[in-house]
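Scroll down for the structure; my scribbles are underneath it.
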Amino acid sequence: MLRLSLPLRQALGRLTLPVLFAASFAVVLLGRLDLRVGDRARAVLSDALAPLYALIAPPVRALRVTADGLVGLIGVDNENARLRAENARLRHWQAVALAAQNRALKAALHWVPSPAPEFVTARVVADAGGVYVRAMLLATGPNHFIQPGQIVLAHGALVGRIADVGARSARVLLLTDLNSRIPVLLEGGKGRAILAGTNGPWPRLIFATGAAPRPGEQVVTAGLADGIPPDLPVGTVRLTAHHVPEVVPYADLDRLETVQVVQGGLPPPAAAAP
């Protein structure tokens, strides 16, 4: 093993600190030189890529705006679906609350109720209407007892009435159809009117008597015509920009899956025949 002499070791010990200091200075100097070189290279690269960035920036920005718009549309569609479902639930519970209120008032007045109507349930299979007709098709199956003129309900609210019947199907004339005419009462019996379809989303109140219809008033069937039970929930009153009273139906006529056909009858309108 090589052994250094004592004087040599002492000389090396004295040189250690200056050597380390020089090495540290060299490392710092090289780092500054590398930083300057890196900055210079980065500047050259940026100068070279700037025109390319300027060229592709507008398409990228347009794609980003389009993507944000699509995301916004999806969000709006989901929000609309949620609001429609919530609106349907609120209409259903409003109809339930109206029925409960009617029962309470009749109990307080010792009202003698009419016999509860019997009904059969049928599945909605198609929209049987067209440009000038508002109707839907029911699958009834064989040996059914559905007859023209019978009232059709959904969740206890009025939908329309049977227009014509086949061996395994039946066509319902909706209350929004132009040929539909149904006697109704305003909330609390304050007035009577005829619910007339317009082929639009909401039927109108015509030949109204008594107090003028007000927005938000409940509308129920009057039961004046043969085959129409009284006090069936219909909808709520709204006024157009020209103060024409219309009724927003409780039943969502565009999204029905099953309905109840009330037993009994009423002659179908002549215009409803195919």
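Tabulated data for the structure shown
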quantity	calculated
Residue check, Asn143 modelled with pLDDT of 80 or more and not in a strand (DSSP E or B)	no
Selection within the stretch 153-181 - part of a loop (DSSP other than H, G, I, E, B) and either of a type in the set (S, T, N, Q) or crowded, with 24+ Cβ neighbours inside 10 Å (or both)	Leu175, Thr176, Asp177, Asn179, Ser180
Output for the stretch 199-221, where each listed residue is more than 18 Å from Ala88 (Cα to Cα), surrounded by fewer than 21 Cβ atoms within 10 Å (Cβ to Cβ) and out of contact with any Asp or Glu (no Cβ under 8 Å at 6 or more places or on another chain)	Gly200, Ile206, Phe207, Ala208, Thr209, Gly210, Ala211, Ala212, Arg214, Pro215
Selection status of Leu33, surrounded by fewer than 10 Cβ atoms within 10 Å (Cβ to Cβ) and at pLDDT below 65	no
Selection status of Ala167, of a type outside the set (Phe, Trp, Tyr) and in contact with a Leu (Cβ under 6 Å, 6 or more places away or on another chain)	no
Single match in Ala85, Ala54 (criterion: at pLDDT 65 or above, among the small types (Gly, Ala, Ser), assigned to a helix (DSSP H, G or I) and farther than 30 Å from His155 by Cβ)	Ala54
Leu98 vs. criteria surrounded by 12 or more Cβ atoms within 10 Å (Cβ to Cβ), among the hydrophobic types (A, V, I, L, M, F, W, C) and at pLDDT 75 or above	yes
Output for the stretch 228-252, where each listed residue is over 12 Å from Pro183 (Cα atoms) and either surrounded by fewer than 19 Cβ atoms within 10 Å (Cβ to Cβ) or charged (D, E, K, R) (or both)	Arg238, Leu239, Thr240, Ala241, His242, His243, Val244, Glu246, Val248, Asp252
Scope the stretch 187-198; condition surrounded by 17 or more Cβ atoms within 10 Å (Cβ to Cβ) and modelled with pLDDT under 90; matching residues	Glu187, Gly191
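Each row is one residue, and each column tells you yes or no for (1) modelled with pLDDT of 85 or more; (2) outside any strand (DSSP E or B).
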| site | (1), (2) |
| --- | --- |
| Pro183 | yes, no |
| Gly200 | yes, yes |
| Gly227 | no, yes |
| Pro230 | no, yes |
| Val234 | yes, no |
| Ala241 | yes, yes |
| Pro268 | no, yes |
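The values are calculated or read from the model by the stated rules, or taken from the named source; none is laboratory data. Just so you know, these numbers come straight off a predicted model, no measurement behind them. Note that we place each Cβ from the backbone using ideal geometry, even for glycine, and neighbour counts take in every protein chain shown.
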